[in-house]
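Here is the structure we will look at, set down as structure tokens.
The values are calculated or read from the model by the stated rules, or taken from the named source; none is laboratory data. All values reported here derive from a predicted model rather than from experimental measurement. Here Cβ is always computed from backbone atoms with ideal geometry, including for glycine, and neighbour counts include all displayed protein chains.
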Amino acid sequence: MFSELVEQLKVDYPDFCFRKGRKFAFRPPKTIVIGSDEEYNPLLLLHEMGHAILGHRSFRTDVGRVKMERAAWEKARELCDKYGVLYDEEIVERELDTYRDWLDQKSRCPSCGLTRFQTPDGEYHCPRCDEFKQLS
Ligand SMILES: [Zn+2]
Ligand SMILES: [Zn+2]
């Protein structure tokens, strides 16, 4: 069933390049890596298709990254309908959680533990520590 889906996607999206790898991933602009670690889960494949169809590039802010993940899942939901794949909310939430945890960890200030904010240049700023820096 999984290999049939891949064949169908190759027909429907002739512009995209499908490659085998360890983990499912989207490599801009057009390569979809088919992960062998995750038992060829069709939902994960359709999620990467979502990134590819939406034309995602790398985002400068990490909040943008999480938004991008959400958008790719919304697209995957449409693709699931189209290709008769079960849209498993549990898997989706689990995947989104890994990004939320990652964002949470990254945005925490290493000196004081406060949540920092990110400016459009991608730099993190701590509302407490950065203020001290400016004062000194
Ligand atoms: Zn993704
Ligand atoms: Zn701080």
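Candidates 120, 110: the one that is in contact (Cβ under 8 Å) with a residue 60 or more places away in the chain and loosely packed, with under 13 Cβ neighbours inside 10 Å is 120. If you go through the range 50-77 one residue at a time, how many are touching a residue at least 12 places away in the same chain (Cβ under 8 Å) and either within 10 Å of the chain's Cα centre (by Cα) or exposed (fewer than 15 other Cβ atoms within 10 Å of the Cβ) (or both)? Number satisfying all stated conditions: 18.
Does any residue of the range 121-133 turn out to be touching a Ser or Thr at 6+ places or on another chain (Cβ under 6 Å), on the phi < 0 side of the Ramachandran plot and either modelled with pLDDT under 90 or not hydroxyl-bearing (Ser, Thr, Tyr) (or both)? Yes, that holds for at least one residue. I'm trying to understand the selection: among the residues of the range 1-33, which are surrounded by fewer than 12 Cβ atoms within 10 Å (Cβ to Cβ) and of a type in the set (A, V, I, L, M)? Residues satisfying the conditions are 1, 11. The condition (being surrounded by fewer than 16 Cβ atoms within 10 Å (Cβ to Cβ), of a type in the set (Asp, Glu) and within 16 Å of ligand 2 (Cβ to nearest atom)) is satisfied by just one residue among 81, 104, 97, 88: 104.
This table checks each residue for (1) outside any helix (DSSP H, G or I); (2) under 30 Å from residue 115 (Cβ atoms); (3) basic (Lys, Arg); (4) touching a His at 6+ places or on another chain (Cβ under 6 Å).
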residue	(1), (2), (3), (4)
10	no, no, yes, no
20	yes, no, yes, no
32	yes, no, no, no
66	no, yes, no, no
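Each residue in the range 48-88 was checked for being under 19 Å from residue 2 (Cα atoms) and more than 12 Å from ligand 1 (Cβ to nearest atom), and 12 of them qualify. Taking the conditions (1) out of contact with any Asp or Glu (no Cβ under 7 Å at 6 or more places or on another chain); (2) farther than 30 Å from residue 8 by Cα; (3) within 15 Å of ligand 1 (Cβ to nearest atom) in turn, residue 103 satisfies each one other than (1). The lone criterion from (1) surrounded by fewer than 18 Cβ atoms within 10 Å (Cβ to Cβ); (2) out of contact with any strand residue (DSSP E or B) (no Cβ under 8 Å at 6 or more places or on another chain); (3) over 30 Å from residue 125 (Cβ atoms); (4) among the hydrophobic types (A, V, I, L, M, F, W, C) left unmet by residue 46 is number (1). I'd like to know if the range 105-119 contains one or more residues that are of a type outside the set (Ser, Thr, Tyr), under 24 Å from residue 74 (Cβ atoms) and either modelled with pLDDT under 90 or within 25 Å of the chain's Cα centre (by Cα) (or both). There is at least one residue in the range 105-119 that is of a type outside the set (Ser, Thr, Tyr), under 24 Å from residue 74 (Cβ atoms) and either modelled with pLDDT under 90 or within 25 Å of the chain's Cα centre (by Cα) (or both).
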